[in-house]
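J.: Below is one structure. I have some questions about it.
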Amino acid sequence: SKDFGGNYSPYSNQVTVTPSFGLNYEYFHGTWSSLPNFNSISRVATGKVQNVSIAPRTRNDQFGFLWEGYIRIPVTGTYYFQTSSDDGSKLYLGTLGATGSPYSHTGTAVVSNDGLHGTTTVTSTPRFLTAGIYPFAATFFENSGGEVMNVAWRTPWTENSFEPIPNMYFPDQPISGSYPDKPSNVSAAAVSHGQI
């Protein structure tokens with residue numbers, strides 16, 4: 001900015017922000033005919049991916065994944081979730097605003113696509129969800145043959161079609177707490193022509 005005397009204000013500091021998205025994963029080796037209890041197995045590796053992905057695997061057979069994190073539901077409405085996998089998979093959804101993983105080997109999955117099979121797609125029943133952040137988890141195992149794992153959703157804005165869940169809906173962590181109260185009784189008085 002420039003004042004009437006021709007003086008320029010100095011530049012402000014520059015800030016660059018990169019949005020962070022993703023899911024934490026645990027990677028396992030083993031031979032299974034249905035999804036094991038991943039909480040009771042030693043993991044081979046851990047890491048972070050932007051979406052459900054089997055890309056970090058180190059082999060094409062006898063492996064499994066557990067992905068955990070959060071999913072942002074941007075609009076209140078009816079949603080359907082879907083997994084397409086070869087072999088078995090499950091998808092879990094926690095409650096609005098909760099923290100911690102909804103994964104439990106004995107818990108009820110939103111999508112249950114377990115067992116030995118070629119690429120099979122299973123869709124959840126309709127779920128009415130309030131906009132907000134929900135805990136999310138997905139599991140997958142591959143025995144032999146092809147290896148496929150995809151998650152998709154049908155949303156209030158996609159009408160009757162399913163689409164892969166975009167990375168941007170897997171926030172790095174939930175936003176918790178509340179906004180500070182707005183200031184009250186704020187007043188300002190001019191003490192001179194150049195000061196308030």
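J.: Which FRET efficiency value, to the nearest 0.05, do you get for Thr130 and Gln50 by plugging their Cβ-Cβ distance into 1/(1 + (r/R0)^6) with R0 = 25 Å?
T.: Working: r = 25 Å, r/R0 = 1.00.
Using R0 = 25 Å, I get an efficiency of 0.50.
J.: Summing +1 for each Lys or Arg and -1 for each Asp or Glu, what net charge is found among the other residues whose Cβ lies under 10 Å from the Cβ of Tyr80?
T.: On the way: positive: Arg127, Arg154; negative: none.
For residues surrounding Tyr80, the net value is +2.
J.: Spin-label point model (7 Å from Cα, Cβ direction): what's the Ser12 to Asn160 distance in nm?
T.: It is 4.9 nm.
J.: Still on this structure, please answer the following. Put +1 on the Cβ of each Lys and Arg and -1 on the Cβ of each Asp and Glu in the chain; which of Val44, Tyr27, Asn185 then has its Cα farthest toward the positive end of the dipole?
T.: Toward the positive end, the furthest listed residue is Asn185.
J.: Decide, for the range 50-100, between rounded, prolate and oblate: order the square roots of the alpha carbon gyration tensor eigenvalues as a ≥ b ≥ c, take rounded if a/c falls under 1.5, and otherwise choose prolate if a/b is larger than b/c, else oblate.
T.: Values: a/c = 2.61, a/b = 1.96, b/c = 1.33.
Prolate, since a/c reaches 1.5 and a/b exceeds b/c.
J.: Over the chain, with a Gaussian network built from C-alpha contacts below 10 Å, which listed residue (Asn113, Asn143, Asn13) shows the highest mean-square fluctuation?
T.: So, out of Asn113, Asn143, Asn13, the one fluctuating most is Asn13.
J.: May I ask you to derive the FRET efficiency for Ser144 and Asp172 from their Cβ-Cβ distance with R0 = 30 Å, giving the value to the nearest 0.05? Intermediate values should be presented prior to the final figure.
T.: Details: r = 35 Å, r/R0 = 1.16.
About 0.30, to the nearest 0.05.
J.: Which value, in nm² and rounded to one decimal, describes the direction-averaged projected area of the C-alpha convex hull of the chain? Numbers along the way, then the final one.
T.: Working: hull surface 70.6 nm².
Spelled out: convex hull of the Cα atoms, projected over all directions, averaged, 17.6 nm².
All of the numbers you see were taken from the coordinates with simple rules; none came from a lab. Quantities reported herein were computed from a predicted structural model and do not represent experimental measurements. Ideal geometry is used to build each Cβ from the backbone, glycine not excepted, and the neighbour counts take in all protein chains shown.
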